[in-house]
Amino acid sequence: MSFLDTFNPKYRLILCDVWGVVHDGVTLYPGASERLKQWRSEGRCVALITNAQRTADAVEEQLVRIGLPRDAFDFVVTSGEAGIEALKALGRPVGFVGTSGDHEILEGRGVRIAEDEDFTDLACTGTQEGRPNPQDYLADLGRWADRDVEMHCLNPDRLVVRGGVPEACAGAIADLYEGIGGHVTWYGKPHEAIYRHALHRASDPLTDEVLAVGDGLQTDILGAARMGFDAVFVSGGIHAGEPFPDDFAKQYGLGDWRPVAVVDGLS
């Protein structure tokens, strides 16, 4: 029997990652929707918390398109929502790196995108069509760093696997930018703001009433640990069956923290 079948009734909020846990970017994982619905039937609140650069509405639509029933979760929280609000608050046009679809979404939410290089802030949602390798952006990054442009990273993930194919995310570009001296504002896991937003949506449960479920060590698991949440590490996602690293807590100064369980997937 899996830990997920019988875990403690005290967990009234489940913060569940999406990509790598619920789906692979193309199809749902077997048993994922059933597991989420099981948790809701037990009276728990299920929040899907994702480092997606898009809005919660856009993510919900994608989930429904690939077959996740709307009654499998209570709400969606995205890193994009937090970033969009911050960019709008700037009140000036910003540079942009990402897909044309993301460009359209940001403009549709009121973010002003600069038409030239006259900007002091830049929104990064991921790689552009035809430029999938983060190394492709080094010349641009160097030019922006020289001008002290602030990069706003709307998806801290470094890598996802879409239908079995690795795909670089905005976090990989932001890492390169920081590496050459550029300044980055990060939105999403493992940073606190996205968790505070999710907790507020769920009527602010106590810390020990929250269980995080995710496959990303640098995002899902690190964020949960820093927030003081219990966590389940899904090893069958981005880390492709690798065991939980023994030195994880030491590496990040987390004392003796470990996930309460390691599972291959939600089924």
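The values are calculated or read from the model by the stated rules, or taken from the named source; none is laboratory data. Not measured: the values here are computed from a predicted model. Cβ placement follows ideal geometry from the backbone for every residue including glycine, while neighbour counts extend to all protein chains displayed. Remember, those area values only see protein heavy atoms, side chains included, never the ligands or the DNA or RNA. Shrake-Rupley method; radii C 1.70, N 1.55, O 1.52, S 1.80 Å.
Computed from phi, the 3J(HN,Hα) profile of the range 177-184 under the Karplus parametrisation 6.51, -1.76, 1.60 (θ = phi - 60°) reads 5, 4, x, 9, x, x, 9, 10 Hz, with x in place of Gly and Pro. Selection among Gly265, Phe119, Leu36 by position relative to the dipole of the chain gives Leu36 as farthest towards the positive end (Cβ unit charges, Cα centre).
Taking the C-alpha atoms only, the angle from helix 192-201 to the longest principal axis of the chain is near 50 degrees. Build a GNM of the chain with springs between Cα atoms under 10 Å apart, and of Arg92, Arg112, Arg44 the one that fluctuates most is Arg92. Residues within the reach of a label modelled at Glu192 (point 7 angstrom out along Cα to beta-carbon, backbone nitrogen below 11 Å), restricted to the range 212-256, are 227.
Of Val22, Val184, Val165, the residue with the greatest mean-square motion in the GNM of the chain, using alpha carbon springs below 10 Å, is Val165. Of the whole protein surface, His183 contributes about 110 Å² of accessible area at a 1.4 Å probe radius.
The heavy atoms of Thr50 offer some 10 square angstrom of accessible surface to a 1.4 angstrom probe.
Cross-link partners for Lys37 among the aspartates and glutamates, with Cα-Cα distance under 17 Å and sequence neighbours closer than 8 places in the same chain left out: Asp5, Asp17, Glu60, Asp71, Asp74.
The stretch between Ala114 and Asp136, if pulled fully straight at 0.36 nm per residue, gains 5.8 nm over its current Cα-Cα span. Charged side chains reduced to their Cβ positions (Lys and Arg at +1, Asp and Glu at -1) give the chain a dipole of some 640 debye around its Cα centre. Using the Cβ-Cβ distance between Ala89 and Glu178 with R0 set to 22 Å, the FRET efficiency works out to roughly 0.45.
On the basis of the beta-carbon distance and an R0 of 25 Å, Lys37 and Thr99 show a calculated FRET efficiency of 0.20. Across the accessible surface of the chain, with the other protein chains kept in place and a 1.4 Å probe, carbon and sulfur atoms take up 49 percent.
Ranking Leu90, Gly182, Leu154 by Cα position along the charge dipole of the range 45-190, where only Lys, Arg, Asp and Glu carry charges on their C-beta atoms, puts Leu154 farthest toward the positive end.
The Cα atoms of the chain define a convex hull whose projected area, averaged across directions, is 14.0 nm².
Classification of the range 104-252 by its C-alpha gyration tensor yields a prolate form. The axis ratio a/c (a ≥ b ≥ c) is 1.5 or more, and a/b outweighs b/c. Assuming charge only on the beta carbon of Lys and Arg (+1) and of Asp and Glu (-1), the dipole of the range 44-133 about its Cα centre is about 300 debye to the nearest 20. Note: relative contact order over the chain, using C-alpha pairs below 8 Å and six or more positions apart, is 20 percent. In this structure, the pairs whose alpha-carbon distance is over 28 Å, taken from Lys88/Lys250; Lys88/Lys189; Lys189/Lys250, are Lys88/Lys250.
Estimated from helical segments only, the mean residue ellipticity of the chain at 222 nm is -8500 deg cm²/dmol, where each DSSP H run of four or more residues counts as -39500 (n - 2.57). Backbone phi angles across the range 20-33, fed through the Karplus curve with coefficients 6.51, -1.76 and 1.60 (θ = phi - 60°), yield HN-Hα couplings of x, 10, 8, 8, 10, x, 10, 10, 5, 6, x, x, 5, 5 Hz in residue order; Gly and Pro are listed as x.
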